Amino acid sequence: MRRRVGSTPASFRHAVVSLFLCLATMLILGFDYPDDCYFDLENDMWCRDLGDGRMQVGVSAFGVKISGNYFYMCRPKSVGNELEQGKTMGVVELSKTVVTIKTPVSGTVVEINEALEDKPELINQDPYGKGWISVIKASDWEQDRARLAHGATLDEQAERRMRLEPIDDWIKP
């Protein structure tokens, strides 16, 4: 089967973006925080600008750890749903509970990671790469971005957030 020029599958585009953008990473108390991501530390979620106002969204490595390190199911809201920053974007099943996950950015869901339907463990294995959850067309990125941690202040803010959890036995000083 022949493909038209420019018809690269979305999953391949996301893999390439993830590979190249995740190369620069800040390590905070033993957890990765990629430089190209913005973090909703309160909800342990991240987003990454893919261009054209589209934001890739997922659970942070710290969020994975405090969730018990294993996702049994992930059901994001479907394509076309309107989301508001800090509100529910889907549900995940952990070892003994089902919890809601909150979106770090407002907008419309334009894509979901269909690989998670069969392999939700991708969230644990590669939270900033193959474990992304949705792509959202941002509706008010400038306002949403002001609420997210990024850059020079991320280190202090992330550490303060992590210290709220009873995790001293597995946080690296």
*All but one of (1) at pLDDT 90 or above; (2) among the polar types (S, T, N, Q); (3) over 22 Å from Leu29 (Cα atoms) hold for Ser60, so report the exception by its number.*
(3)
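Residues are listed down the side, and each one gets a yes or a no for (1) over 18 Å from Leu41 (Cα atoms); (2) hydroxyl-bearing (Ser, Thr, Tyr):
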{"position": "Tyr72", "(1), (2)": "yes, yes"}
{"position": "Val79", "(1), (2)": "yes, no"}
{"position": "Glu82", "(1), (2)": "yes, no"}
{"position": "Gln85", "(1), (2)": "no, no"}
{"position": "Pro104", "(1), (2)": "no, no"}
{"position": "Ala146", "(1), (2)": "no, no"}
{"position": "Ala149", "(1), (2)": "no, no"}
{"position": "Glu165", "(1), (2)": "no, no"}
*Name the residues in segment 55-84 that are under 13 Å from the mean Cα position of the chain (by Cα) and more than 21 Å from Asn124 (Cα to Cα), would you?*
none
*Hey, any hits in segment 90-104 for a residue that's within 15 Å of the chain's Cα centre (by Cα) and within 15 Å of Arg48 (Cβ to Cβ)?*
yes
*Could you please find all residues in segment 25-48 being within 20 Å of Gln85 (Cβ to Cβ), of a type in the set (Asp, Glu) and assigned to a strand (DSSP E or B)?*
Asp40
*Which of the residues spanning segment 51-67 are small (Gly, Ala, Ser) and under 18 Å from Thr100 (Cα atoms)?*
Gly58, Ser60, Ala61, Gly63, Ser67
*Are any of the residues in segment 48-65 among the basic types (Lys, Arg) and in contact with a helix residue (DSSP H, G or I) (Cβ under 7 Å, 6 or more places away or on another chain)?*
yes
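The values are calculated or read from the model by the stated rules, or taken from the named source; none is laboratory data. Since this is a predicted model, take the numbers as computed values, not measurements. Note: ideal-geometry Cβ built from the backbone for every residue, glycine included; neighbour counts use all protein chains shown.
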